[in-house]
1. As a check on your grasp of the helix formula, calculate [θ] at 222 nm for the chain: sum -39500 (n - 2.57) over DSSP H runs of n ≥ 4, divide by the residue count, round to the nearest 500.
2. Which percent of the accessible heavy-atom area of region 271-375 goes to carbon and sulfur, probe 1.4 angstrom?
3. I need to check one value: relative contact order of region 2-129, counting alpha carbon pairs closer than 8 Å and at least 6 residues apart, in percent.
4. Per the Kirkwood definition applied to all pairs of different Cα atoms, how many angstroms is the hydrodynamic radius of the chain?
5. Which translational diffusion coefficient, to the nearest whole µm²/s, is obtained for region 271-375 from the Stokes-Einstein equation, given a Kirkwood hydrodynamic radius over C-alpha pairs, 25 °C and 0.890 mPa s?
6. Across all directions of projection, what mean area in square nanometres is found for the Cα convex hull of region 1-67?
7. Can you give me the C-alpha center-to-center distance between region 292-335 and region 1-52, rounded to a whole angstrom?
8. Dividing the convex hull volume of the alpha carbon atoms of region 75-192 by its residue count, what do you get in Å³ per residue?
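The values are calculated or read from the model by the stated rules, or taken from the named source; none is laboratory data. Remember, predicted model here, so these are calculated numbers, not experimental data. Using ideal geometry, Cβ is built from the backbone for each residue, glycine included, and neighbour counts are taken over all protein chains shown. In case anyone asks, the SASA skips ligands and DNA or RNA and just uses the protein heavy atoms, side chains included. Shrake-Rupley method; radii C 1.70, N 1.55, O 1.52, S 1.80 Å.
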Amino acid sequence: MKLVRKDLEKDNGGQVTLIPEEPEDMWHTYNLLQVGDSLRASTIRKVQTESSTGSVGSNRIRTTLTLCVETIDFDSQACQLRVKGTNIQENEYVKMGAYHTIELEPNRQFTLAKKQWDSVVLERIEQACDPAWSADVAAVVMQEGLAHVCLVTPSMTLTRAKVEVNIPRKRKGNCSQHDRALERFYEQVVQAIQRHINFEVVKCVLVASPGFVREQFCDYMFQQAVKTDNKLLLENRSKFLQVHSSSGHKYALKEALCDPAVTSRLSDTKAAGEVKALDDFYKMLQHEPDRAFYGLKHVEKANEAMAIDTLLISDELFRHQDVATRARYVKLVDSVRENMGTVRIFSSLHVSGEQLGQLTGVAAILRFPVAELSDQEDDSSSEED
């Protein structure tokens, strides 16, 4: 993301002009936008024109509109963002108050104005404009006959290819059909890797599977690379890391990212940090439940006691339509940071973010046990009885 201009006032109102440069920047833009913001961007509008003879025709005209945002629609696979709203600035082609939909896309500049820019939104702009935050991990999660080729970016897990091949069972005395189908499956996965993984950016390619599938696949891939003198694969052989997963489905990627060998290799990536934080939370919940809270009310109580060491919060909560509710989450984040706690904002498009979403989207690992909270709840519930 490229920051063109930033005009913020003392009361935190103002506007920011940005140019999204990559598909992932559209995800950041989606998280910056809120209902009630004003968005200015160039768009194409169908305009009816009447000639001197009275005949009516229609032309598609490019114009710049400023909309008051009403609905935001994001397609995570295509990384497309559609913003619908009413025109709030005079325009020769579009009446004031008329509805229009702007499609935001990479390399098209837009200006976003807000009445209040909070700390979470400003932090996201900083991250989006920092070139170090880019997709540096790829993963192939596979089992016999099924494989998912994914890119793990700091903000989401993108499935780039899904390979499915029907593998017949081995028959007594005749394995040729099974072997041929398996070879065809491996070949398709190799093609998907070459097509979708940019080895100039990617630091590591995880190959995860149950059993010996990953070893057999890697043996096949590099044997073929030697035979065909495939320099791309041979030069990047050291980037491939084999790890265990329970299946070839996308959700099994979390297990692969939890592997100690992987976390040491990917210690500088945000995705691995999120997975480790969630793993630590679950361990704490199991062994010391008084030091692991989830749910907004519980976490806020723990924060009042200045007990939060690590706050885990989903970015989905910051897209809440209600301004007061959103402000409550922002206040919690700011307060934890003031109290020297660590804040990890999880992407709802990551596997770990989806899991956190099932835990209400907000959880905390505490510095010390806070048992009084659960006791208070028990007392209040018994009083109600």
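1. Details: 12 runs with 137 residues, N = 385.
So the calculated ellipticity at 222 nm is -11000 deg cm²/dmol.
2. Working: 2530 of 4860 Å².
After summing per-atom areas, the C and S share lands at 52 percent.
3. Working: 263 pairs, mean separation 41.2, N = 128.
Relative CO of region 2-129 lands at 32 percent.
4. Values: mean 1/r = 0.0417 Å⁻¹.
Taking every pair of different Cα atoms in the chain, averaging 1/r and inverting gives 24.0 Å.
5. Working: Rh = 13.5 Å.
Calculated translational D: 181 µm²/s.
6. Values: hull surface 27.8 nm².
About 7.0 nm², averaged over all directions.
7. Computed from Cα coordinates, the inter-centre distance equals 28 Å.
8. Working: hull volume 19.8 nm³, N = 118.
Cα-based convex hull of region 75-192, divided per residue, equals 168 Å³.
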